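Presented below is the structure to which this report refers.
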Amino acid sequence: MPKQTTVRLPDDLADEAEVVARVKNTSVNQLIVDSLTAEIERVRADKAFTDRAKALVERDKELLERLAK
């Protein structure tokens, strides 16, 4: 089941998103989903990003292990 969330957009960005969605014959929701999907694919391909993500996960794991003692 899809997860619902609220996104607060600046008025100008919301207006532009509505225009782009209309021109693409899609919904603003689908435009946002497509944009987030593209951004996630982009950062997954970015080695510096994935290295930072792995370092954060490792740090969080260490912190959680300390808290669990």
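All of the numbers you see were taken from the coordinates with simple rules; none came from a lab. Predicted, not measured: the structure shown is a model, and the values here were computed from it. Neighbour counts run over all protein chains shown; Cβ positions are idealised from the backbone, glycine included.
Among Thr6, Thr26, what is the fewest-to-most ranking by other Cβ atoms within 10 Å?
Thr6, Thr26
Lysine pairs in the chain 8 or more apart or on different chains: how many have alpha carbons under 28 angstrom apart?
Total qualifying Lys-Lys pairs in the chain comes to 6.
What is the dipole size for the chain, taken about its Cα centre, with +1 at each Lys and Arg Cβ and -1 at each Asp and Glu Cβ, in debye to the nearest 20?
Dipole of the chain, to the nearest 20 debye: 460 debye.
Based on DSSP H runs of at least 4 residues, each adding -39500 (n - 2.57), what is the mean residue ellipticity at 222 nm of the chain after dividing by all its residues, to the nearest 500 deg cm²/dmol?
Working: 3 runs with 52 residues, N = 69.
My calculation for the chain gives -25500 deg cm²/dmol from helical runs alone.
State the three equivalent ellipsoid semi-axes of the chain, derived from the C-alpha gyration tensor as the square roots of 5 times its eigenvalues, in descending order and whole Å.
Equivalent-ellipsoid dimensions as semi-axes: 35, 16, 11 Å.
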